[in-house]
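First comes the structure, then the notes that go with it.
The values are calculated or read from the model by the stated rules, or taken from the named source; none is laboratory data. Model, not experiment: these values are computed from the prediction. Glycine also receives a Cβ, built like all others from the backbone with ideal geometry; neighbour counts cover every protein chain displayed.
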Amino acid sequence: MLQVDLPAAFAIGQVCAIMARDGLKKEKDLFANTFLGPVNLFLSCGFAPGGLFLLIGWPAWECMYISGWFEQPYNRPLCAAAYIAFLISMVLLGNLGFILGHYWYRINKDKLVIAGSIFGVVLALLPFLVKWGVWWDIGTFQEVAVNEGGYSFWKPPFFYGWLAIMSYMIVTGAITLLWLRKKSKT
């Protein structure tokens, strides 16, 4: 969900910085260090594709049924560009979280990285509280927001697609975090 994925990207960058803390304290360059490449690889090939996959497949759900605007990208360059902007924003916000975490470690403000990750998680969870239960209904904007219909989150094809992309993101994220932790300790 757009409102969730963007702050989650920042939080993920901060968590990556936490996992690489020991190594980041030794690295001087914020933009060219041992850890930034693998973090970018995960953000661009592990995390961001999940949000884009769901936006392409179920655009109204991904927007929490705030608007049907994303549902018709065909022959609408601004809408198509918004898909790309969303992808780029996830990667940039993840990088911002990681680089900011690195900066805070370099100036011995370690607690700010923990606070930043908590802040990102809270912002990522906030839309779920504000639009409580909206994620259980799957369909177009018209079907869900206007006609109060749609189908259950648990029904295919949505659930299978969601489960596959979430599994992929969790596995690639776990691999990345474990690598960061291991490399940071050496």
**Request:** State yes or no: is TRP136 in contact with a Ser or Thr (Cβ under 8 Å, 6 or more places away or on another chain), aromatic (Phe, Trp, Tyr) and without any contact (Cβ under 8 Å) to a residue 60 or more places away in the chain?
**Result:** yes
**Asked** Just checking, which of ALA80, ALA124 is more than 18 Å from the chain's Cα centre (by Cα), in a helix (DSSP H, G or I), within 27 Å of PRO157 (Cβ to Cβ) and modelled with pLDDT of 95 or more?
**Response** ALA80
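Let's see how each residue does on (1) closer than 20 Å to VAL122 by Cβ; (2) small (Gly, Ala, Ser); (3) touching a strand residue (DSSP E or B) at 6+ places or on another chain (Cβ under 8 Å):
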{"site": "ALA9", "(1), (2), (3)": "yes, yes, no"}
{"site": "ILE12", "(1), (2), (3)": "yes, no, no"}
{"site": "PRO38", "(1), (2), (3)": "no, no, no"}
{"site": "LEU43", "(1), (2), (3)": "no, no, no"}
{"site": "PHE47", "(1), (2), (3)": "yes, no, no"}
{"site": "LEU55", "(1), (2), (3)": "no, no, no"}
**Complete:** Selection from the stretch 46-77 of residues of a type in the set (Ser, Thr, Tyr) and at pLDDT 95 or above yields TYR65
**Prompt:** Going by the conditions given, is VAL171 closer than 14 Å to TYR65 by Cβ, surrounded by fewer than 16 Cβ atoms within 10 Å (Cβ to Cβ) and among the hydrophobic types (A, V, I, L, M, F, W, C)?
**Reply:** no
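Looking only at residues in the stretch 73-86 that are farther than 30 Å from LEU180 by Cβ and either of a type in the set (Gly, Ala, Ser) or touching a residue at least 24 places away in the same chain (Cβ under 8 Å) (or both), which one is surrounded by the most Cβ atoms within 10 Å (Cβ to Cβ)?
Start the filter on the stretch 73-86 by keeping residues that are farther than 30 Å from LEU180 by Cβ, which leaves 73-82.
Then drop every residue that is not either of a type in the set (Gly, Ala, Ser) or touching a residue at least 24 places away in the same chain (Cβ under 8 Å) (or both), which leaves 80-82.
On the way: ALA80: 12, ALA81: 11, ALA82: 17.
Applying the filter and picking the extreme gives ALA82.
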**Selected residue (criterion: surrounded by the most Cβ atoms within 10 Å (Cβ to Cβ)) from residues of the stretch 105-117 that are without any contact (Cβ under 8 Å) to a residue 24 or more places away in the chain and at negative phi** = LEU112
**Prompt:** What is the one condition in (1) farther than 26 Å from LEU30 by Cα; (2) touching a Gly at 6+ places or on another chain (Cβ under 8 Å) that SER184 does not satisfy?
**Reply:** (1)
**Message:** Considering only the stretch 123-135, I want to know if a residue exists there that is among the aromatic types (Phe, Trp, Tyr), loosely packed, with under 12 Cβ neighbours inside 10 Å and at negative phi.
**Reply:** yes
